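Asks: I am attaching a structure below and will ask some questions about it afterwards.
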Amino acid sequence: MTVEPDVAKFTLADAPPAFIDDPYPTYAVLRAHDPVHAIGPNQWLLTRYDDVSMVYRSAAASSDKQREFGPKFGVGTPLHEHHTTSLVFSDPPLHTRVRRLMMGALNQRAITRMESGVVALVDGLLDRLDGRPEADLIEDFAAQIPVDVIGNLLDVPRDERGPLRAWSLAILSALEPVPSAEMLARGNAAVTEFVAYLRTLIAHRRAHPGDPEVDVLTRLMGEYGGERLSETELLHNCIFMLNAGHETTTNLIGNGMHALLTQRGQLERLQREPALINTAVEELLRFESPLQLNNRQLTAPIALGSRELPAGDFVTLGVGAANRDPAQFADPDALDIARKPNLHVAFGHGAHACAGMNVARLEARIAIGALVARFPRLDSAGPPQRDRRVRFRGFVHLPVRL
(Lines give C-alpha, C1' and ligand atoms only; values in the text may rest on other atoms or scores of the structure.)
Protein backbone atom coordinates (compact mmCIF):
# COMPACT_ATOMS: atom_id res chain seq x y z
CA MET A 1 0.00 0.00 0.00
CA THR A 2 1.38 3.41 -1.02
CA VAL A 3 0.20 6.64 0.57
CA GLU A 4 1.10 10.11 -0.60
CA PRO A 5 4.15 11.11 1.49
CA ASP A 6 2.63 14.14 3.25
CA VAL A 7 -0.54 12.23 4.08
CA ALA A 8 1.43 9.19 5.26
CA LYS A 9 2.97 11.40 7.96
CA PHE A 10 -0.29 13.15 8.80
CA THR A 11 -1.22 13.48 12.46
CA LEU A 12 -3.89 15.54 14.16
CA ALA A 13 -1.36 16.74 16.74
CA ASP A 14 0.28 19.10 14.24
CA ALA A 15 -2.27 19.34 11.45
CA PRO A 16 -1.07 21.78 8.77
CA PRO A 17 -2.97 25.05 8.20
CA ALA A 18 -4.27 23.75 4.86
CA PHE A 19 -6.00 20.88 6.67
CA ILE A 20 -7.75 23.26 9.06
CA ASP A 21 -8.90 25.36 6.10
CA ASP A 22 -10.14 22.33 4.17
CA PRO A 23 -9.71 18.85 5.67
CA TYR A 24 -11.66 17.00 3.00
CA PRO A 25 -8.86 16.39 0.44
CA THR A 26 -6.74 14.81 3.20
CA TYR A 27 -9.67 12.71 4.34
CA ALA A 28 -10.26 11.55 0.77
CA VAL A 29 -6.66 10.36 0.29
CA LEU A 30 -6.65 8.58 3.65
CA ARG A 31 -10.01 6.97 2.96
CA ALA A 32 -8.80 5.66 -0.38
CA HIS A 33 -5.30 4.51 0.64
CA ASP A 34 -5.03 4.25 4.42
CA PRO A 35 -8.52 4.30 5.99
CA VAL A 36 -7.25 3.00 9.36
CA HIS A 37 -4.43 5.51 9.71
CA ALA A 38 -1.87 5.51 12.52
CA ILE A 39 -1.69 8.93 14.20
CA GLY A 40 0.44 7.82 17.17
CA PRO A 41 1.36 4.72 19.18
CA ASN A 42 -1.79 2.61 19.50
CA GLN A 43 -3.84 5.48 18.05
CA TRP A 44 -5.83 5.36 14.83
CA LEU A 45 -7.88 7.72 12.66
CA LEU A 46 -10.84 6.18 10.81
CA THR A 47 -12.12 7.84 7.63
CA ARG A 48 -14.56 5.31 6.10
CA TYR A 49 -18.27 5.65 6.81
CA ASP A 50 -18.75 1.93 7.50
CA ASP A 51 -15.87 1.83 10.00
CA VAL A 52 -17.02 4.96 11.86
CA SER A 53 -20.60 3.73 11.99
CA MET A 54 -19.55 0.29 13.20
CA VAL A 55 -17.35 1.65 16.00
CA TYR A 56 -20.09 4.03 17.12
CA ARG A 57 -22.40 1.04 17.59
CA SER A 58 -19.85 -1.40 19.01
CA ALA A 59 -20.04 -2.51 22.64
CA ALA A 60 -16.25 -2.91 22.46
CA ALA A 61 -15.73 0.85 21.96
CA SER A 62 -15.71 2.69 25.29
CA SER A 63 -16.51 6.37 25.77
CA ASP A 64 -15.00 6.41 29.26
CA LYS A 65 -12.01 8.77 29.26
CA GLN A 66 -10.34 8.07 32.63
CA ARG A 67 -7.24 6.53 31.04
CA GLU A 68 -6.94 9.07 28.23
CA PHE A 69 -7.70 12.24 30.19
CA GLY A 70 -5.53 11.50 33.24
CA PRO A 71 -2.28 12.28 31.39
CA LYS A 72 -3.92 14.95 29.26
CA PHE A 73 -5.46 17.09 32.02
CA GLY A 74 -3.89 15.77 35.23
CA VAL A 75 -5.93 13.62 37.60
CA GLY A 76 -7.92 15.74 40.01
CA THR A 77 -7.89 18.93 37.92
CA PRO A 78 -11.22 20.65 37.22
CA LEU A 79 -11.04 19.69 33.51
CA HIS A 80 -10.36 16.05 34.39
CA GLU A 81 -13.27 15.91 36.85
CA HIS A 82 -15.62 17.53 34.33
CA HIS A 83 -14.72 15.54 31.24
CA THR A 84 -14.75 12.18 33.06
CA THR A 85 -18.14 12.84 34.69
CA SER A 86 -20.24 14.27 31.86
CA LEU A 87 -22.67 12.18 29.84
CA VAL A 88 -20.68 12.18 26.61
CA PHE A 89 -17.51 10.72 28.14
CA SER A 90 -19.02 7.97 30.25
CA ASP A 91 -20.20 4.37 29.90
CA PRO A 92 -23.08 2.56 31.60
CA PRO A 93 -24.25 2.64 34.31
CA LEU A 94 -23.51 6.40 34.66
CA HIS A 95 -24.31 7.09 31.00
CA THR A 96 -27.58 5.14 31.14
CA ARG A 97 -28.72 6.88 34.32
CA VAL A 98 -27.88 10.42 33.23
CA ARG A 99 -29.26 9.99 29.71
CA ARG A 100 -32.56 8.60 31.03
CA LEU A 101 -32.99 11.59 33.33
CA MET A 102 -32.01 14.10 30.65
CA MET A 103 -34.09 12.64 27.83
CA GLY A 104 -37.21 12.83 29.95
CA ALA A 105 -37.00 16.60 29.61
CA LEU A 106 -35.90 16.58 25.93
CA ASN A 107 -38.66 14.39 24.48
CA GLN A 108 -40.63 15.38 21.40
CA ARG A 109 -43.43 16.89 23.46
CA ALA A 110 -40.96 19.17 25.22
CA ILE A 111 -39.31 20.18 21.93
CA THR A 112 -42.69 21.04 20.42
CA ARG A 113 -43.33 23.32 23.41
CA MET A 114 -39.98 25.04 22.78
CA GLU A 115 -40.70 25.98 19.17
CA SER A 116 -42.64 29.20 19.71
CA GLY A 117 -39.91 30.48 22.04
CA VAL A 118 -37.18 29.77 19.49
CA VAL A 119 -39.21 31.48 16.75
CA ALA A 120 -39.61 34.58 18.95
CA LEU A 121 -35.89 34.56 19.82
CA VAL A 122 -34.82 34.32 16.16
CA ASP A 123 -37.31 36.97 15.04
CA GLY A 124 -36.00 39.31 17.74
CA LEU A 125 -32.40 38.82 16.59
CA LEU A 126 -33.40 39.43 12.96
CA ASP A 127 -35.31 42.56 13.95
CA ARG A 128 -32.09 43.93 15.44
CA LEU A 129 -30.26 43.20 12.17
CA ASP A 130 -32.96 44.76 9.97
CA GLY A 131 -31.81 48.09 8.59
CA ARG A 132 -28.12 47.39 9.15
CA PRO A 133 -25.95 47.20 6.02
CA GLU A 134 -23.70 44.45 7.41
CA ALA A 135 -23.53 41.99 10.29
CA ASP A 136 -21.41 39.18 11.71
CA LEU A 137 -23.53 36.03 11.45
CA ILE A 138 -21.62 34.39 14.31
CA GLU A 139 -21.51 37.13 16.94
CA ASP A 140 -24.80 38.80 16.01
CA PHE A 141 -26.86 35.70 15.28
CA ALA A 142 -25.66 32.09 15.41
CA ALA A 143 -23.90 32.27 18.80
CA GLN A 144 -26.83 34.05 20.43
CA ILE A 145 -29.41 31.34 19.79
CA PRO A 146 -28.15 28.21 21.60
CA VAL A 147 -27.02 30.10 24.71
CA ASP A 148 -30.57 31.41 25.10
CA VAL A 149 -32.19 28.05 24.31
CA ILE A 150 -30.05 26.07 26.79
CA GLY A 151 -30.33 28.92 29.29
CA ASN A 152 -34.10 28.57 29.06
CA LEU A 153 -33.94 24.79 29.45
CA LEU A 154 -31.93 25.17 32.67
CA ASP A 155 -33.91 28.31 33.59
CA VAL A 156 -30.76 30.38 34.06
CA PRO A 157 -31.77 33.99 34.83
CA ARG A 158 -31.31 36.05 31.67
CA ASP A 159 -29.07 38.64 33.34
CA GLU A 160 -26.70 35.86 34.49
CA ARG A 161 -26.02 34.32 31.06
CA GLY A 162 -23.16 36.63 30.07
CA PRO A 163 -20.24 34.31 30.96
CA LEU A 164 -21.79 31.09 29.61
CA ARG A 165 -20.41 31.22 26.09
CA ALA A 166 -16.83 32.02 27.14
CA TRP A 167 -16.90 29.24 29.73
CA SER A 168 -18.15 26.78 27.12
CA LEU A 169 -15.50 27.70 24.54
CA ALA A 170 -12.69 27.42 27.11
CA ILE A 171 -13.80 24.02 28.40
CA LEU A 172 -14.29 22.51 24.94
CA SER A 173 -11.05 23.92 23.52
CA ALA A 174 -9.15 21.73 26.00
CA LEU A 175 -10.41 18.72 24.01
CA GLU A 176 -8.12 19.52 21.08
CA PRO A 177 -5.65 16.68 20.33
CA VAL A 178 -2.76 18.63 21.93
CA PRO A 179 -4.10 21.56 23.98
CA SER A 180 -1.63 24.29 24.85
CA ALA A 181 -0.79 25.22 28.45
CA GLU A 182 -2.85 28.38 27.95
CA MET A 183 -5.86 26.34 26.76
CA LEU A 184 -5.61 24.09 29.82
CA ALA A 185 -5.35 27.06 32.18
CA ARG A 186 -8.39 28.74 30.63
CA GLY A 187 -10.34 25.49 30.68
CA ASN A 188 -9.58 24.74 34.33
CA ALA A 189 -10.52 28.28 35.33
CA ALA A 190 -13.77 28.05 33.36
CA VAL A 191 -14.80 24.77 35.02
CA THR A 192 -14.05 26.23 38.46
CA GLU A 193 -16.06 29.39 37.80
CA PHE A 194 -18.92 27.51 36.16
CA VAL A 195 -19.19 25.04 39.08
CA ALA A 196 -19.24 27.91 41.60
CA TYR A 197 -22.04 29.59 39.66
CA LEU A 198 -24.05 26.35 39.39
CA ARG A 199 -23.81 25.67 43.12
CA THR A 200 -25.62 28.96 43.73
CA LEU A 201 -28.18 28.26 40.97
CA ILE A 202 -28.87 24.73 42.28
CA ALA A 203 -29.28 25.95 45.85
CA HIS A 204 -31.86 28.46 44.65
CA ARG A 205 -33.66 25.82 42.57
CA ARG A 206 -33.82 23.43 45.53
CA ALA A 207 -35.61 26.15 47.44
CA HIS A 208 -37.80 27.07 44.44
CA PRO A 209 -38.16 23.98 42.19
CA GLY A 210 -39.54 24.36 38.67
CA ASP A 211 -41.72 22.06 36.56
CA PRO A 212 -39.59 18.96 35.85
CA GLU A 213 -41.39 18.51 32.53
CA VAL A 214 -39.85 21.69 31.15
CA ASP A 215 -37.07 22.66 33.58
CA VAL A 216 -34.16 20.30 32.91
CA LEU A 217 -32.26 21.39 36.02
CA THR A 218 -35.20 20.58 38.30
CA ARG A 219 -35.54 17.22 36.57
CA LEU A 220 -31.85 16.39 36.94
CA MET A 221 -32.04 17.26 40.63
CA GLY A 222 -34.92 14.84 41.21
CA GLU A 223 -35.22 11.11 41.76
CA TYR A 224 -36.80 8.90 39.10
CA GLY A 225 -37.18 5.15 39.47
CA GLY A 226 -34.95 5.23 42.53
CA GLU A 227 -32.14 6.96 40.59
CA ARG A 228 -30.56 10.25 41.56
CA LEU A 229 -27.42 12.07 40.42
CA SER A 230 -24.69 12.83 42.93
CA GLU A 231 -23.84 16.51 43.41
CA THR A 232 -20.71 16.14 41.24
CA GLU A 233 -22.66 14.37 38.48
CA LEU A 234 -25.36 17.05 38.59
CA LEU A 235 -22.90 19.93 38.34
CA HIS A 236 -20.90 18.52 35.47
CA ASN A 237 -23.87 17.37 33.42
CA CYS A 238 -25.36 20.85 33.63
CA ILE A 239 -22.06 22.14 32.21
CA PHE A 240 -22.17 19.39 29.58
CA MET A 241 -25.67 20.45 28.47
CA LEU A 242 -24.57 23.99 27.83
CA ASN A 243 -21.33 22.95 26.12
CA ALA A 244 -22.94 20.33 23.89
CA GLY A 245 -25.83 22.58 22.96
CA HIS A 246 -23.85 25.75 22.41
CA GLU A 247 -20.72 25.00 20.39
CA THR A 248 -22.07 22.55 17.85
CA THR A 249 -25.31 24.44 17.19
CA THR A 250 -23.47 27.72 16.67
CA ASN A 251 -21.22 25.93 14.20
CA LEU A 252 -24.15 24.22 12.48
CA ILE A 253 -25.82 27.55 11.76
CA GLY A 254 -22.57 29.31 10.82
CA ASN A 255 -21.21 26.48 8.66
CA GLY A 256 -24.60 26.05 7.03
CA MET A 257 -24.92 29.69 6.08
CA HIS A 258 -21.34 29.80 4.77
CA ALA A 259 -22.02 26.74 2.60
CA LEU A 260 -25.21 28.30 1.22
CA LEU A 261 -23.55 31.66 0.58
CA THR A 262 -20.70 30.03 -1.35
CA GLN A 263 -23.10 27.81 -3.33
CA ARG A 264 -25.76 30.32 -4.21
CA GLY A 265 -27.75 27.95 -6.35
CA GLN A 266 -28.62 25.97 -3.24
CA LEU A 267 -29.39 29.16 -1.26
CA GLU A 268 -31.70 30.41 -4.01
CA ARG A 269 -33.39 27.02 -4.21
CA LEU A 270 -34.09 27.10 -0.47
CA GLN A 271 -35.53 30.60 -0.81
CA ARG A 272 -37.80 29.38 -3.64
CA GLU A 273 -38.68 26.13 -1.82
CA PRO A 274 -38.72 26.83 1.93
CA ALA A 275 -40.36 23.44 2.54
CA LEU A 276 -36.89 21.93 1.90
CA ILE A 277 -35.58 23.33 5.18
CA ASN A 278 -35.63 19.95 6.99
CA THR A 279 -33.60 18.12 4.33
CA ALA A 280 -31.41 21.22 3.99
CA VAL A 281 -30.47 21.07 7.69
CA GLU A 282 -29.58 17.37 7.39
CA GLU A 283 -27.42 18.11 4.35
CA LEU A 284 -25.66 21.00 6.07
CA LEU A 285 -24.91 18.68 9.01
CA ARG A 286 -23.38 16.18 6.58
CA PHE A 287 -21.56 18.64 4.37
CA GLU A 288 -19.74 20.58 7.11
CA SER A 289 -20.10 18.55 10.29
CA PRO A 290 -19.75 20.84 13.35
CA LEU A 291 -18.03 18.03 15.28
CA GLN A 292 -15.35 16.63 12.97
CA LEU A 293 -13.73 14.11 15.31
CA ASN A 294 -14.86 11.80 18.09
CA ASN A 295 -12.95 9.28 20.20
CA ARG A 296 -13.28 5.79 21.63
CA GLN A 297 -11.01 3.34 23.45
CA LEU A 298 -11.31 -0.33 22.52
CA THR A 299 -12.16 -2.78 25.29
CA ALA A 300 -11.90 -5.77 22.94
CA PRO A 301 -10.29 -6.36 19.53
CA ILE A 302 -12.15 -4.93 16.52
CA ALA A 303 -11.68 -5.90 12.87
CA LEU A 304 -11.78 -2.98 10.43
CA GLY A 305 -11.39 -4.25 6.90
CA SER A 306 -8.22 -6.32 6.75
CA ARG A 307 -6.80 -4.81 9.95
CA GLU A 308 -7.55 -5.89 13.52
CA LEU A 309 -7.05 -3.36 16.28
CA PRO A 310 -6.33 -4.76 19.76
CA ALA A 311 -8.08 -3.94 23.02
CA GLY A 312 -6.66 -0.83 24.65
CA ASP A 313 -6.04 1.10 21.42
CA PHE A 314 -7.47 4.59 20.99
CA VAL A 315 -9.63 5.25 17.93
CA THR A 316 -10.47 8.69 16.51
CA LEU A 317 -13.66 8.64 14.47
CA GLY A 318 -13.42 10.91 11.44
CA VAL A 319 -17.00 12.18 11.45
CA GLY A 320 -16.34 14.77 8.75
CA ALA A 321 -14.53 12.15 6.65
CA ALA A 322 -17.31 9.58 7.02
CA ASN A 323 -19.88 12.15 5.93
CA ARG A 324 -18.00 12.68 2.64
CA ASP A 325 -17.52 8.96 1.88
CA PRO A 326 -18.57 8.25 -1.74
CA ALA A 327 -19.38 4.67 -0.77
CA GLN A 328 -22.30 6.07 1.25
CA PHE A 329 -23.13 9.41 -0.39
CA ALA A 330 -23.42 10.03 -4.13
CA ASP A 331 -21.32 13.01 -5.23
CA PRO A 332 -20.36 13.66 -1.58
CA ASP A 333 -18.51 16.95 -2.16
CA ALA A 334 -21.63 18.52 -3.69
CA LEU A 335 -24.16 20.34 -1.52
CA ASP A 336 -27.68 19.09 -2.26
CA ILE A 337 -30.33 20.49 0.09
CA ALA A 338 -32.85 17.90 -1.16
CA ARG A 339 -30.53 14.91 -0.64
CA LYS A 340 -32.33 11.68 0.28
CA PRO A 341 -31.46 9.35 1.83
CA ASN A 342 -28.96 11.11 4.06
CA LEU A 343 -27.78 8.81 6.83
CA HIS A 344 -25.01 11.09 8.07
CA VAL A 345 -23.18 10.48 11.35
CA ALA A 346 -22.99 14.12 12.49
CA PHE A 347 -24.90 13.20 15.65
CA GLY A 348 -23.23 9.83 16.14
CA HIS A 349 -25.03 6.49 16.28
CA GLY A 350 -26.15 4.01 18.86
CA ALA A 351 -26.38 4.52 22.63
CA HIS A 352 -24.24 7.67 22.46
CA ALA A 353 -26.19 9.41 19.70
CA CYS A 354 -26.42 13.09 20.63
CA ALA A 355 -29.07 13.57 23.33
CA GLY A 356 -29.86 17.07 22.09
CA MET A 357 -29.93 16.36 18.36
CA ASN A 358 -33.58 17.34 17.93
CA VAL A 359 -33.07 20.58 19.84
CA ALA A 360 -30.19 21.43 17.48
CA ARG A 361 -32.32 20.56 14.46
CA LEU A 362 -35.12 22.79 15.73
CA GLU A 363 -32.78 25.75 16.24
CA ALA A 364 -31.10 25.36 12.84
CA ARG A 365 -34.39 24.88 10.99
CA ILE A 366 -35.90 28.04 12.47
CA ALA A 367 -32.72 30.14 12.34
CA ILE A 368 -31.64 29.36 8.78
CA GLY A 369 -35.17 29.33 7.38
CA ALA A 370 -36.03 32.72 8.88
CA LEU A 371 -32.69 34.30 7.97
CA VAL A 372 -32.79 33.44 4.26
CA ALA A 373 -36.45 34.51 4.06
CA ARG A 374 -35.91 37.86 5.83
CA PHE A 375 -32.81 38.83 3.82
CA PRO A 376 -33.24 37.52 0.25
CA ARG A 377 -30.12 39.38 -0.99
CA LEU A 378 -27.90 38.14 1.82
CA ASP A 379 -24.28 37.86 0.66
CA SER A 380 -20.72 37.62 1.96
CA ALA A 381 -19.12 40.91 3.04
CA GLY A 382 -15.52 39.78 3.19
CA PRO A 383 -13.43 36.74 4.08
CA PRO A 384 -14.67 34.82 7.11
CA GLN A 385 -12.38 33.98 10.04
CA ARG A 386 -12.24 30.24 10.66
CA ASP A 387 -11.84 28.71 14.09
CA ARG A 388 -8.39 27.05 13.98
CA ARG A 389 -9.31 23.96 16.01
CA VAL A 390 -9.48 20.53 14.37
CA ARG A 391 -12.06 18.76 16.56
CA PHE A 392 -14.72 21.44 16.14
CA ARG A 393 -15.29 23.02 12.73
CA GLY A 394 -16.77 26.49 12.56
CA PHE A 395 -16.13 30.19 12.23
CA VAL A 396 -15.18 32.91 14.68
CA HIS A 397 -16.52 35.63 12.37
CA LEU A 398 -18.73 35.43 9.27
CA PRO A 399 -19.31 38.94 7.85
CA VAL A 400 -22.35 39.39 5.59
CA ARG A 401 -24.16 42.13 3.70
CA LEU A 402 -27.84 42.16 4.54
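Asks: When the expected Rg is taken as 2.2 N^0.38 Å, what fraction or multiple of it is the alpha-carbon Rg of the range 3-69?
Replies: The reported ratio for this selection is 1.21.
Asks: Still on this structure, I have one more. At R0 = 22 Å, how high is the FRET efficiency between residue 107 and residue 206 if r is their beta carbon distance? Nearest 0.05 is fine.
Replies: The formula returns an efficiency of 0.35 here.
Asks: On to the next question. Counting only heavy atoms of the protein chains, get the accessible area per residue of the range 173-246 (1.4 Å probe) and round it to a whole Å² value.
Replies: Details: 3160 Å² over 74 residues.
Value for the range 173-246: 43 Å² per residue.
Asks: Let me ask something additional. Starting from 0.36 nm per residue, how many nanometres of slack lie between residue 178 and residue 272 once their C-alpha separation is accounted for?
Replies: 29.4 nm
Asks: Then there is this: Counting only protein heavy atoms and a 1.4 Å probe, tell me what percentage of the chain's accessible area is made up of carbon and sulfur.
Replies: Roughly 55 percent of what the probe reaches on the chain is carbon or sulfur.
Asks: Moving on. Report the charge-dipole magnitude of the range 1-152 in Debye, nearest 20, computed about the Cα centre from +1 at each Lys and Arg Cβ and -1 at each Asp and Glu Cβ.
Replies: Values: 14 positive and 21 negative charges, 202 e Å.
It comes to approximately 980 debye.
Asks: I would also like to ask the following. I'm a student and want to see the number: the projected area of the Cα convex hull of the range 28-148, averaged over all directions, in nm².
Replies: 12.5
Asks: On the principal axes of its Cα set, how long, how wide and how thick is the range 95-181? Give whole Å, largest value first.
Replies: Cα extents, longest axis first: 48, 43, 23 Å.
Asks: Give the aspartates and glutamates whose C-alpha is closer than 17 Å to that of residue 65, dropping any in the same chain fewer than 8 places away, or say none.
Replies: Result set, ordered by chain and number: 81, 91, 176, 233, 313.
Asks: While we're looking at this one, here's another question. Roughly speaking, what is the stretch gain from residue 161 to residue 300, that is 0.36 nm per residue apart minus the C-alpha to C-alpha distance, in nm to one decimal?
Replies: 45.7 nm
Asks: Using a simple charge model, +1 on the beta-carbon of Lys and Arg, -1 on the beta-carbon of Asp and Glu, nothing else, what dipole does the range 71-147 show about its Cα centre, in debye to the nearest 20?
Replies: 660
Asks: Once Lys and Arg get +1 and Asp and Glu get -1 on their Cβ, which of 162, 111, 146 lies farthest toward the positive end of the dipole of the range 109-179?
Replies: Of the listed residues, the answer is 111.
Asks: With every protein chain present, what is the per residue accessible area of the range 298-394 (1.4 Å probe, Å²)?
Replies: Dividing the accessible area of the range 298-394 by its residue count gives 40 Å².
Asks: Still on this structure, I have one more. Taking only Cα atoms of the range 226-325, what ratio of Rg to Rh do you get with Rh as the Kirkwood inverse-distance radius?
Replies: 1.13
Asks: Residues with amide H under 5 Å of residue 397's amide H, sequence separation 5 or more or different chain, H placed in the peptide plane at 1.01 Å from N; which?
Replies: Here the answer is 385, since their amide H atoms fall under 5 Å of that of residue 397.
Asks: In 10 Å bins starting at zero, report the fraction of Cα pairs in the range 308-402 per bin as a rounded %.
Replies: 11, 29, 41, 14, 4, 1
Asks: Please give the peptides 340-347, 109-116 ranked by average Cβ packing (other Cβ atoms within 10 Å per residue), highest first, as a rough proxy for protection.
Replies: 340-347, 109-116
The values are calculated or read from the model by the stated rules, or taken from the named source; none is laboratory data. In this text the structure is predicted, and so the values were computed from the model without any measurement. Heads up, the Cβs are rebuilt from the backbone with ideal geometry, glycines too, and the neighbour counts pull from every protein chain shown. These area figures cover heavy atoms from the full protein model, side chains too; ligands, DNA and RNA do not enter into them. Shrake-Rupley method; radii C 1.70, N 1.55, O 1.52, S 1.80 Å.
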